[in-house]
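Below is one structure, written out as structure tokens; the observations come after it.
The numbers here are math on the coordinates, done by the rules we state, and not lab data. The model shown is predicted, which means the values in this text are computed figures rather than measured ones. Here the Cβ is made from the backbone with ideal geometry for all residues, glycine too, and neighbour counts use every protein chain on show.
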Amino acid sequence: MSYSLQDIHQKVRDRERLSAEDGLKLFKSTDILAIGKMAQAVRERMHGRRAFYAVNLHLNPTNICSTRCVFCAFSRDVSSPDAYAMTLDEIEQKVRGALERFQINEVHMVGGHNPALGLDYYLEMIRRIRGLEPKLYIKAFSAPEIDDLAKRSGLLRVDILRQLKEAGLNGMPGGGAEIFDPGVRREICPDKISAEEWIGIHRTAHELGLKTNATMLYGHRENEEHRVAHLLRLRNLQDETQGFCAFVPLAYQGGPAPFSKKKAPDPLTSGFLDLKVLSIARLLLDNIPHIKAHGSATDLKFVQVALSFGADDAGGTNLHEKVLHEAGSRSPEGLSSDDLVRCIKDAGYDPCQVDSSYQWREIQGA
């Protein structure tokens, strides 16, 4: 291990919390093996050889969005020929089909900010899905979607979240966090909620008993300082609420999004950077239980490596995922649970099927 990381290594061994300075030192280091080894020590301390995965369906009820973020390849204007909004019957049919065919244990839903879809649409959506299977974990609606619903309905965000929970919502995804730095947000998502608003919505969700994920979009206009500051703000909120179940780093995909037509982002994401972000997240986020290698943003070969660099969650089957694939992700679509079990076992880990609550059960013969 390089001399410059020895002090951090000692802190990790002593279970001492890392500082912002430590985070910057890790990002500036090129010793990915040393960083990964430290992260893996923490990962195995927390989870042993278990590796988690979900059999989940992704639903994107609408791609019509009034918040046209520069980097997004999924959103459409209402006049676009491929704009859509799913009916409640269509959503119910897709969930029923996934339950019958794939025995899914979770539905993950995010979509655009569609002015034509009111709160009643979303409440009835959750009620119908809950009626299909009481045990199904429903994780839905990013913080910007909650804010949009609150503004259009004239209700407080806490009222929106409370009504959704009463309808059957279990938790929220972490989308919309992007990078918390206000300067970067002004460039890549000027019309999206602020970092403070994102944090406030997740704090409220946690206070209501809704568990959520946290994310970070990286590899575009941000720098190392922005990444560290973002991670530490997540850590601070987790100290306060203990409401985050998992952190999910999201690499900017490039592809056909308008952002990719501008000057090439610096730094560009790479496999090296992807592993570094996962490992550093595991080291800095000492209070968030799980680090997920998002299969829709990578591929199974990367997931196998990531499980030895601090990640403990291999992601899910992600049936029908659209947002990342339309942004250029080349990961396989429609994975089966057998694919994920094989991926995990081939990497030397014990597969555990979970939903986003991480109530796990071991797979027979694993």
Response to the item:
When R162, R127 are arranged by how many other beta-carbons sit within 10 Å of their Cβ, fewest first, they go R127, R162
Worksheet, complete the sentence: Among (i) 5, 21, 28, 24, 13, 5, 2, 1, 0, 0, 0; (ii) 5, 21, 26, 20, 13, 9, 5, 1, 0; (iii) 5, 25, 36, 25, 8, 1, 0, the value of P(r) over Cα pairs in 10 Å bins from 0, in percent computed for this structure carries the label (iii)
Worksheet item: Listing R130, R96, R43 from the residue with the fewest other Cβ atoms within 10 Å to the one with the most, what is the order?
Response: R96, R130, R43
Discussion item. As I understand it, the value is the acute angle between the Cα axis of helix 32-47 and the longest principal axis of the Cα atoms of the chain; what does it come to in degrees, rounded to 10?
Written reply: 60 degrees
Discussion item. Skipping prolines and chain starts, which residues have an amide H placed within reach, meaning under 5 Å, of the one on M109, given they are 5 or more residues away or on another chain?
Written reply: L59, K139, A140, F141
Worksheet item: So how tilted is helix 157-167 from the main axis of the chain? Cα-based, degrees 0 to 90, rounded to 10.
Response: 80 degrees
Item to complete: Rank-order 225-235, 271-281 by packing density, defined as the average count of other C-beta atoms within 10 Å over each peptide's residues, highest first.
Response: 271-281, 225-235
Worksheet item: Against the longest alpha carbon principal axis of the chain, how many degrees, from 0 to 90 and to the nearest 10, is the axis of helix 195-207 turned?
Response: 80 degrees
Worksheet, complete the sentence: With only helices counted (DSSP H, runs n ≥ 4, each -39500 (n - 2.57)), the per-residue ellipticity at 222 nm for the chain, to the nearest 500, works out to -13000 deg cm²/dmol
Discussion item. Is there a quick way to get the dipole size of region 86-172? I mean about its Cα centre, with the Cβ of Lys and Arg at +1 and of Asp and Glu at -1; what is the value in debye to the nearest 20?
Written reply: 200 debye
Discussion item. Please list, ordered by chain and number, the residues whose modelled amide H lies under 5 Å from the amide H of M216; skip anything fewer than 5 residues away on the same chain.
Written reply: V248, L250
Response to the item:
FRET efficiency (Q242, F272; Cβ distance; R0 25 Å; to 0.05) is 0.15
Discussion item. For a 31 Å ceiling on Cα separation, which of these pairs sit above it: K211/K276; K11/K139; K192/K301; K37/K165; K28/K151; K25/K345?
Written reply: K11/K139; K192/K301; K37/K165; K28/K151; K25/K345
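With both bridge residues required to lie in the chain, what share of the DSSP beta bridges run antiparallel, to the nearest 5%?
10 percent
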